[in-house]
Amino acid sequence: MPTSLTLQPIGFLRTRQQVKFQAGHQPSAATEERNELELLPDCGYEDALRDLAGFERVWLLWWFHRNENWRPLVLPPRGPIQRRGVFATRSPHRPNPLGLTPVPLLGIAGRTLLLGPCDLVDGTPVFDLKPYVPSFDAFPDARAGWIDEVDAAMSEPPKFSVTLTPTADAQATWLRTHWSINFIPRLTELLARDPSPHRTRRIRKRGPTHAEIGCGAWLAVFTVAGTAVSVLALKPAYPMTFLLREGYQDIPDRDALVAFLAQWPTPPAADRVAGEP
Ligand SMILES: C[S@@+](CC[C@H](N)C(=O)[O-])C[C@H]1O[C@@H](n2cnc3c(N)ncnc32)[C@H](O)[C@@H]1O
């Protein structure tokens, strides 16, 4: 038996989701998101796509190319803080980092597939496509172990209310209007469920009263009082010296991060976290 196998991508996903934080944990039917999968030229894929258009959904088999390691036990982002065996999860941190996503197929033009909501980031290599066949692939009544328990808990309304201070609100509006960057809905969803420190959710304590959550290339500083979460300020996850360094031009949102730091060089005094520069 071979100990390693070589696969070639058939194409790459094109999406507005540039960083992992922006991609859902699974595709969200609630979004109007449109994505494209462009298959490689000169491989005969136009013929390989024949007869696929009649299927409402396709399975994408793809590679978590932005991951570098795997762990036998992982901390899922949803539910209580409890590690699970990676094979009992859909975590990206797998020995062979293969992703599996069923997506709506909206159209096919030549070698390009127009797709609905996905959970992949831009540039993700795709290895295979298969039609989604409900009679083969759907078992809605099958047990789903620990995920059933988490789903039952998640069906309750969120326990925390999340508000933005005027500073954070002005920063969010500036990012949305000048740079079309908007991570506030996802940030609000995560903090409303549970703002406690969590490695996978990238929430960590910053001093006795403050905490911060990583949102891709951005951070949001917040406090919690009872069930009220107050987002005090947004800020880049990188210092200016790092952003301007040679060879770091590919950092997601880099130009927006630099412009943001020109506008808000340090966190406003009232929102500054104890111990921060
Ligand atoms: C929880 S995984 C589930 C993927 C797939 N539906 C599955 O079940 O195999 C989805 C997450 O993978 C991450 N992700 C998406 N594209 C990635 C990539 N190319 N490399 C690494 N991580 C990626 C994003 O954080 C996204 O929220």
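The numbers here are math on the coordinates, done by the rules we state, and not lab data. Owing to the predicted nature of the structure, the values given are computational and were not obtained by experimental measurement. Backbone-built Cβ (ideal geometry, glycine too); neighbour counts: all protein chains shown.
One table, with the values for the structure above:
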item: Estimated 222 nm signal from helices in the chain, with DSSP H stretches of n ≥ 4 weighted -39500 (n - 2.57), rounded to 500; result: -5500 deg cm²/dmol
item: For segment 23-46 and segment 152-212, distance of Cα centres in Å; result: 28 Å
item: Charge-dipole axis of the chain as Lys and Arg at +1 and Asp and Glu at -1 on Cβ define it, positive-most pick from Ala225, Pro104, Gly207; result: Gly207
item: Reachable lysines from Lys130, criterion Cα separation under 26 angstrom, eight or more residues apart if same chain; result: Lys20
item: Selected from Leu190, Val150, Thr163, residue furthest toward positive end of dipole (segment 144-192; charges at beta carbon); result: Thr163
item: For segment 204-213, Karplus couplings with θ = phi - 60° (6.51, -1.76, 1.60), whole Hz, Gly/Pro x; result: 9, 6, 10, x, x, 10, 9, 9, 9, 10
item: Order of Ser135, Ser28, Ser91 - criterion: other Cβ atoms within 10 Å of each residue's Cβ, fewest first; result: Ser135, Ser28, Ser91
item: Student exercise, the chain dipole from Lys, Arg, Asp, Glu Cβ charges, in Debye to nearest 20; result: 1020 debye
item: Amide H partners (placed H, <5 Å) of Arg206, local residues excluded; result: Ala211, Glu212
item: Straight-distance crosslink candidates among aspartates and glutamates, where the alpha carbon sits under 16 Å from Lys159 and sequence neighbours closer than 8 are dropped; result: Asp151, Glu189, Asp194
item: Convex hull of the chain built on C-alpha atoms - directionally averaged projected area, nm²; result: 18.3 nm²
item: When segment 90-172 is reduced to its Cα atoms, the Kirkwood hydrodynamic radius in Å; result: 17.6 Å
item: FRET efficiency, 1/(1 + (r/R0)^6) with R0 22 Å, evaluated for Ala152 and Ile81 via beta carbons; result: 0.80
item: Cβ-Cβ FRET estimate between Ser4 and Arg204, R0 fixed at 25 Å, reported to 0.05; result: 0.10
item: Burial ordering of Cys215, Cys43, Cys118, fewest other beta-carbon atoms within 10 Å first; result: Cys43, Cys215, Cys118
item: Segment 11-153: Rg to Rh, with Rh as the Kirkwood radius over Cα pairs; result: 0.98
item: Size of electric dipole in segment 1-146: Cβ of Lys, Arg +1 and of Asp, Glu -1, about Cα centre, debye, nearest 20; result: 800 debye
item: Spin-label model distance (nm) - Ala144 vs Thr173, 7 Å beyond Cα toward Cβ; result: 3.9 nm
item: Candidates Pro80, Pro131, Pro236, ranked by Gaussian network fluctuation over the chain, Cα under 10 Å, top entry; result: Pro80
item: Estimated D of segment 161-271 in µm² per second, where Rh is the Kirkwood radius over Cα pairs and Stokes-Einstein applies at 20 °C, 1.002 mPa s; result: 149 µm²/s
item: Likely footprinting exposure, His93, His198, fewest C-beta neighbours within 10 Å first; result: His198, His93
item: Trp218 long-range amide H proximity, modeled H, under 5 Å; result: Ala237
item: Binned Cα-Cα distances of segment 108-150, short to long, each 5 Å bin given as a whole percent; result: 5, 11, 16, 19, 17, 17, 9, 4, 1
item: Cut-off 10 Å between beta-carbons: net charge of the residues surrounding Asn67, Lys and Arg +1, Asp and Glu -1; result: +2
item: Derived scalar couplings ³J(HN,Hα) [segment 44-61; Karplus, 6.51 cos²θ - 1.76 cosθ + 1.60; whole Hz; x for Gly, Pro]; result: x, 6, 4, 5, 5, 8, 4, 6, 7, 4, x, 8, 6, 9, 10, 8, 9, 10
